[in-house]
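The values are calculated or read from the model by the stated rules, or taken from the named source; none is laboratory data. In this text the structure is predicted, and so the values were computed from the model without any measurement. Every residue, glycine as well, gets a Cβ built from its backbone with ideal geometry; the counts of neighbours run over all protein chains shown. Areas reflect the complete protein model, heavy atoms only, side chains present, ligands, DNA and RNA absent. Shrake-Rupley method; radii C 1.70, N 1.55, O 1.52, S 1.80 Å.
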Amino acid sequence: MKRALAIALAVLSFTATNLLAAATQPASPPKDVSALLAPIVQKHDVPGMAAAVVQNGETVAVGVAGVRTRGKADRIAAADRFHIGSDTKAITAMLCGILVDEGKLKWDQTLGQTFPELKKNMDPQYQAVTLEQLLTHRSGAPGDLTKDELWGKLWQHKGTPTSARRLLLTGVTSKPPEAPPGTKYIYSNAGVSIAGHMAERVTGKPWEDLVRERIFRPLGMTTAGFGAPGTPARNDQPRGHKADGSPVEPGPAADNPVAIGPAGIVHCSIGDWAKFAAANLPSAKTKLVKPETLEKLHTPHPPGAGEPKYAMGWIISDNQPWAGGPALTHAGSNTMWYAVAWLAPKKDFAVVVACNQANAEACNDAVLALIADHFKSER
């Protein structure tokens with residue numbers, strides 16, 4: 001009996017030791033796909049590029065190529081930060097989903113309900129605009145803010161980012177919408193930024209703080225921030241580049257005004273952006289919202305003739321054989337950077353690519369190369 005007990009204890013000890021060792025073993029490092037990106041950088045004559053692939057909740061491939069700044073020797077590193085432009089919209093939509101789950105917001109909550117003190121100066125049609133309509137570009141909010149003096153006022157605004165978004169809200173809603181709310185798809189940075197301002201109103205916190213607390217920190221996105229990355233006069237991060245190839249130093253002229261921050265001013269490393277992509281897949285290690293809320297975020301509004309199938313920060317593409325079903329995608333650019341994401345929920349797969357010059361063709365070539373490489377290795 002004593003001998004049997006001793007053997008059992010030895011087995012248990014051996015098993016526990018090996019389980020502990022397995023648990024403390026570092027995960028396999030992601031595959032280096034830099035060699036796939038280098039010829040694409042050369043072909044399209046862009047300064048640099050970064051990319052990552054996600055499978056089953058893990059980043060399985062990362063690659064970088066090129067330089068931080070055209071004309072300088074510093075190579076892009078995997079931890080370098082890229083501006084992701086309008087891919088920020090999915091982050092703002094996720095934030096709103098979190099607040100819906102917490103009971104602080106509702107999808108059908110209106111601007112009139114959220115900002116009752118502004119109703120007397122708000123066009124009556126805007127009073128009934130809902131959070132969902134803002135996030136799906138069906139609020140009637142304008143697609144172009146440069147048509148009148150409002151865009152200039154947003155650039156000149158010296159207050160806090162939250163007060164800038166208040167100015168955006170009052171400036172937009174004091175005039176009639178471009179189309180009756182709910183009737184037409186109009187891609188609008190203003191609309192998504194107003195949705196971000198709704199999150200600010202119901203929580204009493206700036207959108208930037210909310211995104212840090214509710215998304216960046218839980219996902220471990222330690223490199224994420226806002227605006228053009230880097231320090232002026234130091235080549236410490238990639239620079240955005242104009243169409244003529246000239247670099248732009250970090251500062252106000254290197255990005256859009258903070259008023260439209262919720263629609264497009266996030267920057268982060270490619271690895272951190274991959275973490276957000278993973279949070280949108282079925283096997284997400286960190287689930288930011290309830291499953292039904294994630295499904296809501298990914299469900300498009302029924303499109304009209306010629307309109308995209310737009311969900312909340314995602315366009316749904318039904319014609320991607322590699323995805324095994326509908327794919328989610330979005331691109332972003334502030335004219336000096338370009339970023340694109342493709343997600344295949346049916347295959348628990350995602351690829352994200354960013355470039356420090358606005359070149360959609362280069363990023364799309366990288367997406368195709370990474371998809372082909374990944375699924376070739378899966379066979």
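Pick from Lys158, Lys120, Lys106: which is basic (Lys, Arg) and within 24 Å of the chain's Cα centre (by Cα)?
That would be Lys106, the only listed residue that is basic (Lys, Arg) and within 24 Å of the chain's Cα centre (by Cα).
Identify all residues within the stretch 231-246 that are hydroxyl-bearing (Ser, Thr, Tyr) and either open to solvent by less than 30 Å² (accessible area, probe 1.4 Å) or part of a helix (DSSP H, G or I) (or both); write none if there are none.
Result: no residue meets the conditions.
For the stretch 186-205, which positions are in contact (Cβ under 8 Å) with a residue 24 or more places away in the chain and open to solvent by 40 Å² or more (accessible area, probe 1.4 Å)?
Correct list: Tyr187, Asn189, Arg201, Val202.
Please verify whether Thr110 is under 25 Å from Trp314 (Cβ atoms), β-branched (Val, Ile, Thr) and surrounded by 23 or more Cβ atoms within 10 Å (Cβ to Cβ), treating the condition exactly as stated.
For Thr110, the condition - under 25 Å from Trp314 (Cβ atoms), β-branched (Val, Ile, Thr) and surrounded by 23 or more Cβ atoms within 10 Å (Cβ to Cβ) - is not met.
Does the stretch 168-190 contain at least one residue that is of a type in the set (D, E, K, R), in contact with a helix residue (DSSP H, G or I) (Cβ under 8 Å, 6 or more places away or on another chain) and modelled with pLDDT of 95 or more?
No; the residues of the stretch 168-190 include none that is of a type in the set (D, E, K, R), in contact with a helix residue (DSSP H, G or I) (Cβ under 8 Å, 6 or more places away or on another chain) and modelled with pLDDT of 95 or more.
Check whether at least one residue in the stretch 159-177 is surrounded by 16 or more Cβ atoms within 10 Å (Cβ to Cβ) and farther than 30 Å from Glu213 by Cβ, and report yes or no.
yes
Is there a residue being among the β-branched types (Val, Ile, Thr), over 18 Å from the mean Cα position of the chain (by Cα), open to solvent by 10 Å² or more (accessible area, probe 1.4 Å) and within 20 Å of Asn334 (Cα to Cα) anywhere in the stretch 247-256?
Yes - at least one qualifying residue is present in the stretch 247-256.
Quick check on the stretch 154-177: of everything there that is of a type in the set (Ser, Thr, Tyr) and touching a residue at least 24 places away in the same chain (Cβ under 8 Å), which residue is nearest to Leu111 (Cα to Cα)?
Among residues in the stretch 154-177 that are of a type in the set (Ser, Thr, Tyr) and touching a residue at least 24 places away in the same chain (Cβ under 8 Å), the one nearest to Leu111 (Cα to Cα) is Thr173.
Can you pull out every residue in the stretch 53-84 that is of a type in the set (Ser, Thr, Tyr) and open to solvent by 20 Å² or more (accessible area, probe 1.4 Å)?
Answer for the stretch 53-84, where residues must be of a type in the set (Ser, Thr, Tyr) and open to solvent by 20 Å² or more (accessible area, probe 1.4 Å): just Thr59.
Which of the helices (runs of 4 or more DSSP H) found entirely inside the stretch 145-224 contain at least 3 residues meeting this: closer than 24 Å to Lys287 by Cα?
189-203, 207-211
For every residue, the table says whether it meets (1) open to solvent by 50 Å² or more (accessible area, probe 1.4 Å); (2) among the charged types (D, E, K, R).
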| residue | (1), (2) |
| --- | --- |
| Lys296 | yes, yes |
| Pro302 | yes, no |
| Ala311 | no, no |
| Asp318 | yes, yes |
| Leu343 | no, no |
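If I filter the stretch 322-341 down to residues being among the aliphatic types (A, V, I, L, M) and more than 13 Å from the chain's Cα centre (by Cα), which single residue comes out as most open to solvent (accessible area, probe 1.4 Å)?
Among those that are among the aliphatic types (A, V, I, L, M) and more than 13 Å from the chain's Cα centre (by Cα), it is Met336.
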